[in-house]
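All of the numbers you see were taken from the coordinates with simple rules; none came from a lab. Just so we're clear, the structure is a prediction, and the values are computed from it rather than from any experiment. Every residue, glycine as well, gets a Cβ built from its backbone with ideal geometry; the counts of neighbours run over all protein chains shown.
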Amino acid sequence: MEAKNIYVPETAEVVRVQKMTDTETFFEVRLPGGRDLGHAPGQFVQVSLLGIGEAPISICSSPLKKGSFEMVVRRVGNVTEAMHKLAPGAKLGIRGPFGKGFRVEDYENRDTVFVAAGLGLPPLRSLINTLIDTKNRKRFGRIIILYGCKSPAEFLFNEERKGWESRKDIEYHVTVDRAAPGWTGNVGVITTLIPELTLDLAKTAAVIVGPPVVYKFAILALRSKGLRDEQVWVSLERKMKCGVGKCGHCQMNNIYVCQDGPVFNYAAIKDLKEAVR
Ligand SMILES: Cc1cc2nc3c(=O)[nH]c(=O)nc-3n(C[C@H](O)[C@H](O)[C@H](O)COP(=O)(O)OP(=O)(O)OC[C@H]3O[C@@H](n4cnc5c(N)ncnc54)[C@H](O)[C@@H]3O)c2cc1C
Ligand code: FES
């Protein structure tokens, strides 16, 4: 079989578009013939639009979902703005999947605390939906999901999260930084949920994905519960161009985030000054 050229995008079709918030839109995308993307949770693809550009976007669906894959895109600039104008049937370019994602085995027979802040939920959804799949669920211990946004208007996957809330095998806690009319839940930043947790330290893992400010404080809160750095995984976002370890745009010391990450065990990168600010 001819080797795949990692620089050449494959043309894929948008099959479903759903506006989630004022700035975030959900896309379901199908490769030719419904071919499997073959990703691991936490990996990303480079999405391109002809004449506009390319952007790295996390895959938010579980690898167990076949025939198509999913992404949530925040409108911030050229590519993402143009993506928000796409309708079902539109074509886009896909390279990847790229990077090192989460290794599902790392969470086997363990309790896992997910710290998902804002747009950190989509990449974590891929791992969460892998672990909570009914065929898989008994291989994993407690699933504790902490989800926080600045305000309720920013929440993603509202219908799906109702399902998580109603499941007895998922401990789901949600908070907003600022209350809004009609909001009766927790108010406070996501890290305020951590001290409330009762954890079996010997068998707990934690995974954090969110804006840069969240990592430092979530790690401090988890450490004060007694978790060691080896028990914490993070996914980092850096500016990227090639996505495959060639251009150096995403470099932190000797690490290429696009290739060595974006998912890292925190103990492995904690001494890199730029990693978690
Ligand atoms: C591994 C990885 C996974 C990502 N996953 C998602 C995702 O699931 N959903 C999503 O909406 N976004 C995600 N992003 C961020 C996304 O790639 C950028 O927002 C996107 O590249 C912006 O492209 P643009 O052409 O729309 O904006 P541009 O016109 O290029 O720039 C708009 C603004 O965004 C800034 N910017 C550009 N790229 C980045 C970046 N990588 N990080 C931070 N700021 C940037 C620019 O400096 C500028 O201020 C991810 C980034 C990485 C590295
Ligand atoms: S994006 Fe080019 S080396 Fe990482």
Q. When only Cα pairs under 8 Å and 6 or more residues apart are kept, what is the percent relative contact order across the chain?
A. 18
(Q) Can you tell me the length gained on complete extension of the stretch Lys203 to Glu274, counting 0.36 nm per residue apart and subtracting the Cα distance? (A) 22.6 nm
Q: Under 12 Å Cα to Cα from Lys225, which aspartates and glutamates show up? Leave out anything in the same chain fewer than 8 places away.
A: Glu196, Asp200
Q: Grab the DSSP H runs of the chain that are 4 residues or longer, score each as -39,500 (n - 2.57), total them, divide by all residues and round the 222 nm result to the nearest 500 deg cm²/dmol.
A: -4500 deg cm²/dmol
Q) Taking other Cβ within 10 Å of each residue's Cβ, how do Ser224, Ser48 sort, fewest first? A) Ser224, Ser48
Q. In straight Cα distance, which lysines are under 21 Å from Lys85, not counting same-chain residues fewer than 8 positions off?
A. Lys19
(Q) Run the numbers for Val8 and Lys150: contour at 0.36 nm per residue of separation, minus the present Cα-Cα distance, in nm. (A) 47.3 nm
Q: Enumerate the aspartates and glutamates that Lys270 could reach by cross-link, defined here as Cα to Cα under 19 Å, with residues fewer than 8 away along the same chain left out.
A: Asp106, Asp229, Glu230, Glu237, Asp260
Q: Calculate I(q)/I(0) for the chain by the Debye formula, one identical point scatterer on each C-alpha and no solvent, and give its log10 at q = 0.08 Å⁻¹ to two decimals.
A: -0.32
Q: At 7 Å along the Cα-to-beta-carbon direction for both Lys246 and Arg167, put a label point, then send me their distance in nm to one decimal.
A: 3.9
(Q) For the chain, give me the percentage of DSSP beta bridges that are antiparallel, rounded to the nearest 5 percent. (A) 55
Q | Pairs beyond 30 Å (Cα-Cα), from Lys100/Lys203; Lys138/Lys273; Lys4/Lys150 | A | Lys138/Lys273; Lys4/Lys150
